[in-house]
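Below you'll find the structure, written out as structure tokens, and then a few comments.
The values are calculated or read from the model by the stated rules, or taken from the named source; none is laboratory data. All values derive from a computational prediction rather than experimental measurement. Every residue, glycine among them, receives a Cβ derived from its backbone with ideal geometry; neighbour counts consider all protein chains shown. Ligands, DNA and RNA are stripped out before the accessible areas are found, and what is left, the full protein with its side chains, is counted by its heavy atoms. Shrake-Rupley method; radii C 1.70, N 1.55, O 1.52, S 1.80 Å.
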Amino acid sequence: MYINYQKHLVNIINEIKENGLYKNERVIVSPQGAEITLDSGQKVLNFCANNYLGLSDNRQLIDAAKSALDDHGYGMSSVRFICGTTDLHKELEKKIAKFFNTEDTILYAACFDANGGVFEPLLTEEDAIISDSLNHASIIDGVRLCKAQRYRYENADMNDLEKQLKLAQAQRFRLIVTDGVFSMDGNVAPLKKIVELANIYNAMVMVDESHSAGVVGETGRGVTELYNIPGQVEIITGTLGKAFGGAIGGFTTGKKEIIELLRQRSRPYLFSNSIPPLVAAAGIKMIEMMTETNELQDKLHANSEYFISRMTNLGFDIKPTKSAICAVMLYDAKLSQDFAAKLLKEGIYVTGFYYPVVPKGQARIRVQLSAAHEKEHLDKAISSFEKIGRELGILKK
Ligand SMILES: *Cc1c(COP(=O)(O)O)cnc(C)c1O
């Protein structure tokens with residue numbers, strides 16, 4: 001039986017390779033950080049991690065995790081509702097709610113699970129989900145698992161959202177769902193306008209702050225802080241796997257009845273293991289650090305502004321952004337791959353994206369800034385971009 005199936009798989013894999021879409025993984029042999037060592041021995045400056053606040057190798061988080069290993073052991077060996085909840089899980093949930101100015105929080109093993117488990121328990125075929133066309137795969141999958149009627153609006157297009165909200169008036173309850181920051185362009189969802197439309201058309205709002213928590217807003221409280229609308233969305237989801245330490249874990253935070261029902265009915269919560277206590281302990285420390293001082297958020301914002309303004313002045317075509325994602329537009333797929341390969345030779349690790357990850361003719365290099373970057377790292381990246389930009393004829397002057 002397997003012989004035939006094996007041939008079938010090899011054909012599919014070859015097709016992926018022929019289309020130039022085969023993903024190879026680079027192996028890192030150092031901690032994640034501004035400067036990393038690859039298994040080839042090459043040291044490179046990392047501009048493609050979601051390590052926005054530079055916490056992936058932060059000493060205070062490592063120490064908090066180590067002492068939790070001693071106090072609380074290694075694993076929980078249980079789902080939350082049987083015997084998988086420690087004081088650390090409860091404390092982290094409270095701290096996340098306080099940070100986002102929400103009522104309660106529920107932890108998951110990943111934000112993929114938070115999004116996968118949020119819709120189905122809350123909405124039925126009588127209800128409507130109105131979703132941005134560029135929402136993350138985990139939102140799309142979560143919506144698929146739910147029987148609610150589906151409406152889709154063009155990315156951040158408020159006229160289209162209004163049109164869809166009008167159509168959705170036929171349903172009982174409406175939930176608008178959007179990423180806070182869209183990962184390919186780095187654009188921020190127009191959440192203030194979304195909340196205004198939600199008020200007019202009697203809808204609730206959910207925002208996924210995975211790329212915006214810790215990053216967007218003066219103190220890193222995300223898109224609700226940027227637009228000064230704290231507490232005005234019903235549901236926020238987010239990850240502990242990006243700015244918030246980068247290890248693993250996700251959460252849903254918001255209205256307390258919503259969180260209460262998710263604890264009763266959300267399948268990835270009910271049927272999957274608890275995060276290990278060491279991750280909860282480091283998460284608590286992370287929120288404490290972000291509350292006590294704004295140093296890391298300030299440094300990230302300064303780094304992003306510096307990099308984007310220098311690159312723009314050089315003549316690169318940069319997508320407008322208020323996030324730490326900087327899309328350097330090259331438009332041509334092959335060019336984006338050549339450019340990224342040449343940057344790697346210079347010791348700058350970035351990723352080039354092209355169709356179907358981004359629309360046809362919209363190839364680019366995505367640069368992710370971090371508080372871990374020092375000025376000399378940024379200057380090195382900028383001068384490498386300049387050198388290769390001239391070499392490949394993108395910079396004319
Ligand atoms: C990264 C990401 C996720 C998934 O987060 P994990 O915790 O890694 O599962 C979900 N939503 C968005 C918008 C993301 O960017």
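The dipole here belongs to segment 34-122: it is taken about the Cα centre, uses +1 on the Cβ of Lys and Arg and -1 on the Cβ of Asp and Glu, and is about 120 debye. Close amide H partners of Gly214, meaning residues 5 or more places away or on another chain with modelled amide H under 5 Å apart, are Arg221, Gly222. Taken about its Cα centre, segment 59-292 carries a charge dipole of about 320 debye when Lys and Arg each add +1 at the Cβ and Asp and Glu each add -1 at the Cβ.
The share of Cα pairs per 10 Å bin across segment 108-219, counted from zero up to the longest distance, runs 15, 48, 32, 5 percent. As a fraction of the 1.4 Å probe accessible area of segment 18-72, surface on carbon and sulfur atoms comes out at 44 percent. Taking the charge dipole of segment 25-95 about its Cα centre, with +1 at Lys and Arg Cβ atoms and -1 at Asp and Glu Cβ atoms, the residue from Leu69, Val29, Ala49 reaching farthest to the positive side is Ala49. The phi torsions of segment 263-272, fed into the Karplus equation with coefficients 6.51, -1.76 and 1.60 and a -60° offset, translate into couplings of 4, 7, 10, 6, 5, x, 7, 6, 10, 9 Hz, rounded to whole numbers, with Gly and Pro shown as x. Highest mean first, the peptides 99-106, 349-356, 234-241 sorted by other C-beta atoms within 10 Å per residue fall in the order 234-241, 99-106, 349-356. Normalised per residue, the accessible area of segment 3-68 is 65 Å², obtained with a 1.4 Å probe and no contribution from ligands, DNA or RNA. Would you please classify the overall shape of segment 1-90 from the alpha carbon gyration tensor, given that a ≥ b ≥ c denote the square roots of the eigenvalues, rounded means a/c under 1.5, and beyond that prolate means a/b larger than b/c while oblate covers the rest? Oblate is the answer for segment 1-90, as a/c is 1.5 or above yet b/c matches or exceeds a/b. Accessible surface computed residue by residue for segment 255-302, with neighbouring protein chains in place and a 1.4 Å probe, gives 49 Å² per residue. DSSP beta bridges confined to segment 59-292 are antiparallel in about 40 percent of cases. Our helix-only sum for the chain, with -39,500 (n - 2.57) per DSSP H run of n ≥ 4 divided by its residues, gives a mean residue ellipticity at 222 nm of -13000 deg cm²/dmol. Looking at the chain, the DSSP beta bridges with both ends there are about 55 percent antiparallel.
In summary, segment 59-292 shows an alpha-carbon radius of gyration equal to 0.99 times the 2.2 N^0.38 Å reference for compact globular proteins. Annotation: amide H of Tyr52 within the under-5 Å range of Ala243, sequence separation 5 or more or interchain, hydrogens built in the peptide plane.
Between Asp87, Asp132, Asp317, the GNM of the chain built on Cα springs shorter than 10 angstrom shows Asp87 fluctuating the most.
Taking N as the number of residues in segment 1-41, what value does Rg over Cα atoms divided by 2.2 N^0.38 Å take?
Relative to the rule-of-thumb radius for its length, segment 1-41 sits at 1.84.
Apply the a/c threshold of 1.5 to the C-alpha gyration tensor of the chain and tell me whether it is rounded, prolate or oblate. Because its axes are fairly even, with a/c under 1.5, the chain counts as rounded. Applying the Karplus relation 6.51 cos²θ - 1.76 cosθ + 1.60 with θ = phi - 60° to segment 168-180 yields 3J(HN,Hα) values of 7, 5, 5, 8, 6, 10, 10, 10, 8, 10, 8, 5, x Hz, where x marks Gly and Pro. For the chain, the dipole from Cβ point charges (+1 on Lys and Arg, -1 on Asp and Glu) about the Cα centre works out to 800 debye, to the nearest 20.
Dividing the Cα radius of gyration of segment 46-158 by its Kirkwood radius returns 1.04 for Rg/Rh.
P(r) tail for segment 283-397: Cα pairs beyond 24 Å make up 29% of the total. Semi-axis lengths, largest first, of the ellipsoid equivalent to segment 166-286 are 26, 20, 12 Å, with √(5λ) applied to each eigenvalue of the Cα gyration tensor. Taking the empirical scaling 2.2 N^0.38 Å for compact globular proteins as reference, segment 93-158 has a Cα radius of gyration ratio of 1.24.
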